[in-house]
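One structure is given below, encoded as structure tokens.
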């Protein structure tokens, strides 16, 4: 018996978008192609298409993130959907309602999609496992598990800059252990067929079994950057700095901060990426972040198109199911 | 001299919706019929009708309630209105502006409707008494006084399940004294012509003059549930549990919690209702809340249609006045 | 070499709206005329025009102000724009992102306009100096520097009431020193050609060089009000009352509060204005605020039309640039 991927409907189309893991290459390519066709919308005078008119999308944020919420809200509005912003910690749960009751209620109000952000790994899957058949769930970051739309906008940015994924070498630098972004990027890069994925960071911030994901581990930045096509810097979470896992910000920058000089070790046309927000002078030098090889702001732009693609594909898969 | 009901315009149509008390049967039936005709909107692919396009509806919440605000916001958006969410405690009044000045300002901005939630009984009436002629006020809960849209969605749910109100026996169970929901339900049920309304709860949570409303009082749950067609459980407010009015949650459940066993005393086709959010294991057993006789989630669905009906009727009554 | 006013594009049209200072009379008259033509929108059944459909307007508030945010949000929605409300203190900057990085990100998301409110004088100019060419900035109040849309709605109200600016005498009463509103009003009134601008207030609240702006200074209210056509009362900020600049509220009212009796010194058809929210019994008597000469609520109404005018003119100037 084959257990179907919860993210796909019976026709194999995307219904939820929870994690890159387990998705076939073609699904990822479909997302990138759809995003490509939607990326023109933001260049029009009227930056709107009626694809999701009359649909209700709920930003279900159990963890505050204005930045991520904003990108999903903009993507939804440009698809003409109605958007509801719910900060859950501050409302229902205070009254003692369980998470499942909250979901049941939103379903009963005929909402169509939950964009979920949660501090706990696995929560988007939990919600997807419990929603009604007409609901789609998009993971907007769950604990240190996954942040798949971030990974896909990174893939979109790489494809735009490099044309294809083969034969690229990509380095991901920083706190790999706690990064949902890194985990999603690794799955996306290997599925899309890059030649090599390297992860670079201190031993204290490297997950033990990371090589099982098909990556090469480096603890020395200079060595890891040699001849790479793409450098992805991770954000150093401030809270990590207060623990025992890391020395001072200054020392971190000395060892793992990306400087112009270090970037010379990468290929001459290497691009530099970062999911934002940037800690200037901690994981990256301002000259690099704002320099000619940085595609950091393109990532932000592409994030809208990729989220529009994921939202319209997920909600389109229901229409298809209904027609079948 | 007959003093006209402030809720009706000169043609006897609904202008404000503040309380069920004093409204004739036909007005309530009109709301239910309009809600019935609007309930199909949420089943369409494009869940929107242009009835209130270009109208501005203000959620004027002096007391936080994400859940109630959400239902009104969704109802307004599905009528294509623009929605403004104002949490008043956190803004103007901090600057020392009086409530009436706030109202005058919103009127001057050509807002069309205030949806008012307030911790004080009578505040929706106070506001309705002071707004300009072009404004409608909808009470979204004022103190322990009234919550008329909640009562009407309950009536809608009963009519959907039972076809009519006669000859039903309906029991309302819990903290009758502090419940604006119960007060509004009692007025609606008696106006719509049910055979009998029973209120069931401990003496400490029963208003002294409640029988004057035409209900039968029971202090024993088993006795009160005998042969009823509809059981409406009220939410037990956590704050009541800390006072002297009630023993422990556990003891309350022993005496007044709805269990499968107790539900056997009601008619075999009795339905179970609850305004939400549910305190599982306090006023109701999970097996009953999620069981085949529960219509709790239908209530939530019907809440959108009923609020759409009330909003469009109130704002439609102005258009009529203007045409006259 | 002539340095072009940052507020104007190459064709001399309004691109940003940061301050009245430095704008020619014709630009101000254009704003008033555009607002006049848009003021009818709020009288229509469908209070919306599609002028800014598909545009994204960001309320970038570094200082909370529900009242001002609401007027801009309503104006934007009535122009059919999408609105994003960002309270910056509570989000990105907490994560350590710099202001410029926040701006770059919002630009990359293809936002079209930033409506900026900030406690520091000059911040709207700073932002306008650093945004991408496709972005317009509107100052919604920066420190004690400027509040130009407030000044223009005041001008609109004066022109509606008096027909023209010449030969009017206008008195501005209160805390001139800390008032961004007063500063913007003085520039607008002198540019539009009133006969005389008077500023009235205690010495402790009068800027030293105020006469350089072309105004006459009075410290006695009775004297200053003699024969004026327009009285503009300023709001007394509560925080000033706790310092050494002022005696008690009561004493302030005795000296500078506008009473019916004092208003007799002005012309018989003089109008009374106030930017709101009003401190009743502090800077103005209720009888005057609510009396026949008060145009305070008309100011609020006109505020929507003036903001619609400024927004559509600024965003229209890009279209023009693109066409050229």
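Taking helices (runs of 4 or more DSSP H) that fall entirely within region C:231-310, which contain at least 3 residues that are modelled with pLDDT under 95 and either buried (at least 19 other Cβ atoms within 10 Å of the Cβ) or assigned by TED's automatic domain parsing to the domain that holds residue C:163 (or both)?
Details: elements: C:238-241, C:249-256, C:260-263, C:286-289.
Filter on region C:231-310 gives C:238-241, C:249-256.
Out of the residues in region A:162-179 meeting the condition of being in contact with a helix residue (DSSP H, G or I) (Cβ under 8 Å, 6 or more places away or on another chain) and outside any loop (DSSP other than H, G, I, E, B), tell me which one is farthest from residue A:213 (Cα to Cα).
Among those residues, the one meeting the criterion is A:173.
Does residue B:89 meet the test of being assigned to a loop (DSSP other than H, G, I, E, B) and surrounded by fewer than 21 Cβ atoms within 10 Å (Cβ to Cβ)?
For residue B:89, the condition - assigned to a loop (DSSP other than H, G, I, E, B) and surrounded by fewer than 21 Cβ atoms within 10 Å (Cβ to Cβ) - is not met.
Among the residues of region C:104-125, what is the count of those that are within 18 Å of residue C:141 (Cα to Cα) and not in a strand (DSSP E or B)?
7
Hey, any hits in region A:163-171 for a residue that's surrounded by fewer than 24 Cβ atoms within 10 Å (Cβ to Cβ), in the same structural domain as residue A:218 (by TED's automatic domain parsing) and without any contact (Cβ under 8 Å) to a residue 12 or more places away in the chain?
Yes, the conditions are met somewhere in region A:163-171.
Which one of the conditions (1) buried (at least 21 other Cβ atoms within 10 Å of the Cβ); (2) not assigned by TED's automatic domain parsing to the domain that holds residue C:74 does residue C:10 fail to meet, given that it meets all the rest?
Every condition holds for residue C:10 apart from (1).
Would you point out the residue of region B:43-66, among those that are surrounded by 22 or more Cβ atoms within 10 Å (Cβ to Cβ) and not in a strand (DSSP E or B), that is nearest to the other protein chains (Cβ to nearest Cβ)?
In this case the residue turns out to be B:55.
Can you find even one residue in region C:91-111 that is at pLDDT 95 or above and more than 9 Å from every other protein chain (Cβ to nearest Cβ)?
The answer is no, given that none of the residues of region C:91-111 is at pLDDT 95 or above and more than 9 Å from every other protein chain (Cβ to nearest Cβ).
Condition check: surrounded by fewer than 21 Cβ atoms within 10 Å (Cβ to Cβ), modelled with pLDDT of 95 or more, in a loop (DSSP other than H, G, I, E, B) and more than 14 Å from chain B (Cβ to nearest Cβ). Does residue C:21 satisfy that?
Yes.
May I ask you to verify whether residue B:36 is in contact with a strand residue (DSSP E or B) (Cβ under 6 Å, 6 or more places away or on another chain) and assigned to a helix (DSSP H, G or I)?
It is false that residue B:36 is in contact with a strand residue (DSSP E or B) (Cβ under 6 Å, 6 or more places away or on another chain) and assigned to a helix (DSSP H, G or I).
Please find, within region A:209-230, the residue that is modelled with the lowest pLDDT out of those that are part of a loop (DSSP other than H, G, I, E, B) and over 12 Å from residue A:257 (Cα atoms).
So the residue we want is A:209.
Being modelled with pLDDT under 95 and more than 10 Å from chain B (Cβ to nearest Cβ) is the requirement here; does residue A:77 meet it?
no
Under the condition of being free of Cβ contacts under 8 Å to residues at least 60 places away in the same chain, within 14 Å of chain C (Cβ to nearest Cβ) and part of a loop (DSSP other than H, G, I, E, B), which residue from region B:126-149 is surrounded by the most Cβ atoms within 10 Å (Cβ to Cβ)?
Among residues in region B:126-149 that are free of Cβ contacts under 8 Å to residues at least 60 places away in the same chain, within 14 Å of chain C (Cβ to nearest Cβ) and part of a loop (DSSP other than H, G, I, E, B), the one surrounded by the most Cβ atoms within 10 Å (Cβ to Cβ) is B:135.
The values are calculated or read from the model by the stated rules, or taken from the named source; none is laboratory data. Keep in mind that what you see is a predicted model, and the values were worked out from it rather than measured. Note: ideal-geometry Cβ built from the backbone for every residue, glycine included; neighbour counts use all protein chains shown.
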